[in-house]
Amino acid sequence: MFNRVTGQNRLAKILRSTTAMGLAAAIVAGGVPAIITPAYAEPVSVEAPNIPSFADVVEAVSPAVVSVRVESAVQPAAADGNGFSFGWGGRGFDELPDDHPMKRFFREFGIPMPDGEGQQRPAPHAGKGKLRPTSQGSGFFISEDGYIVTNNHVVNDGEAFTIVMNDGTELKASLVGKDSRTDLAVLKVDEPKQKFKYVKFADGDGARIGDWVVAVGNPFGLGGTVTAGIVSARGRDIGSGPYDDYIQIDAAVNRGNSGGPDFNLSGEVIGINTAIFSPSGGNVGIAFAIPASLAKNVVNDLIEKGTVERGWLGVQIDAVSKDIADSLGLAEAAGAIVVAPQDGSPGAKAGIEQGDVIVAVDGEQIKDNRDLAKRIGTMTPGTKVELSIWREGKSITKTVELGTFPTDQQLAGNQQDEPAAPAPSTEQALAGLGLDVQPSDDGSGLAIVSVDPDSEAADLGLKAGDRITAVNNEEVSSVADAQKAIEAVKEAGRTKVLVLIQTDNGNRFVALPLDQG
């Protein structure tokens, strides 16, 4: 006969035992437990989504991407106890202003500020001093015999160059050529026998907005770093030069990525990293790359000739705003207005004048001043081009034989100091334009003495000390000259007058509204 108390005790022991083993329950039949088999959960398995991987691209192109180390001859600089070298142009650290970037650096990172006594700036000093590291960046092979593309600002002023490959191999290289206007440079490895893995530029524009892009480079000296993103925009003008036409990408790009390539998913180079937009100095997702379509021609010229020869018109140009177009009777705001032809230049010899608007080259319409600069710059010196020009309300044509764009040294030699603004004397209001002017001391133009702060002239940036040299493309030396030119504009039924302004930073055209009273 079943003992109720004894059976309950046995059941309690079984339950305690099975609980200790992690089982959920014990099944009892006739007071005897059954054999229990534990059940285990299956591992999680998720089908991978159809997202492209960059691993194949990275594996293929990484051997062609290198780090670039640059050394220059510099004067020795003293180092403080923290191992930092400093240079303030001969001044002590405590003499720097409180908002100086170096002082902010030490405050933000909690580093003790050094004593600047006796320390010298390690400035480049060609031919003297020991070669010391001065910059680093990225680059990539474009041929099996060792030609490497990088940025001009990476190698500029360098005297020795070391290439570090992705496997750590270090090789010496020489500078083949550089081009400051596109920020491109070419190095050549000093190794005649070795063959290198290389990459090629993409054909045509190479990328569309929204395409994937993979950046490989040497940020902060880390080497072999890969980031990915998309092409965010095309044709960006960041004000770095006349040939700005950058690709904007959102792949992470930092200091040291300069000169590094951006690849499409076929492993072709679509761009070369050259600049970032960053209030903090680090990546914020806005980087700019030289497009392959521009780089190919420049790189080929550097390899073949060591320099880039560009067509040269020899005229200072500016954009045509809607106001300027209205003041000249143009149907649309397009083309490039000539601010000043340079004496002896091809443009001046061909009869191009100040105030002309170049609207087409060889029959092809010009969008703006950047478009004209790029088109002329891609042409071979000696080429004859036909320019369509808008002058004094009608169209004319001029044929120009392009010259060779001057070198940086030649341009620097032509720079002259701007004349100082004359001292105020008798002030005269100018036709309700919000300007008080007086004849310049040298008889060329009208010096602006004051600007009405509520006028459109003030909104356009005119200020005391600027000089008016032409009104409606007529040179002026007196207020009477200016008033006469303004009346001619009114008689033509226009509401704005074109005024050429000479400033400390050069010449520019502005269109000022006329008082129709």
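Some observations on this one:
- Answer from 437, 510 - the residue that is touching a helix residue (DSSP H, G or I) at 6+ places or on another chain (Cβ under 8 Å) and either under 23 Å from residue 333 (Cβ atoms) or outside any strand (DSSP E or B) (or both): 510
- Selection from segment 330-369 of residues that are under 14 Å from residue 318 (Cα atoms) and of a type in the set (D, E, K, R): 353, 356, 367, 368
- Failed criterion for residue 477 (all others in (1) over 40 Å from the mean Cα position of the chain (by Cα); (2) within 24 Å of residue 341 (Cβ to Cβ); (3) in a strand (DSSP E or B) hold): (3)
- Which numbered condition residue 182 misses (of (1) within 18 Å of residue 289 (Cα to Cα); (2) part of a strand (DSSP E or B)): (2)
- Residue check for residue 446: within 27 Å of the chain's Cα centre (by Cα), surrounded by 14 or more Cβ atoms within 10 Å (Cβ to Cβ) and modelled with pLDDT under 90: no
- So residue 220, is it among the aromatic types (Phe, Trp, Tyr), farther than 21 Å from residue 148 by Cβ and either free of Cβ contacts under 8 Å to residues at least 40 places away in the same chain or out of contact with any helix residue (DSSP H, G or I) (no Cβ under 7 Å at 6 or more places or on another chain) (or both): no
- In the set 348, 360, 340, 373, only one residue is outside any loop (DSSP other than H, G, I, E, B) and over 30 Å from the mean Cα position of the chain (by Cα); that residue is 348.
- Residue 333 satisfies every condition listed in (1) among the hydrophobic types (A, V, I, L, M, F, W, C); (2) modelled with pLDDT of 90 or more; (3) buried (at least 16 other Cβ atoms within 10 Å of the Cβ) except (3).
- Once segment 196-247 is narrowed to residues that are more than 19 Å from residue 285 (Cα to Cα) and of a type in the set (Asp, Glu), the residue that is surrounded by the fewest Cβ atoms within 10 Å (Cβ to Cβ) is 203.
- For residue 225, the conditions (1) in contact with a Pro (Cβ under 7 Å, 6 or more places away or on another chain); (2) farther than 27 Å from residue 187 by Cα all hold with the exception of (2).
The values are calculated or read from the model by the stated rules, or taken from the named source; none is laboratory data. Given the structure is predicted, the values throughout are model-derived calculations rather than measurements. Don't worry about glycine lacking a Cβ; one is built from the backbone with ideal geometry, like all the others, and counts go over all protein chains shown.
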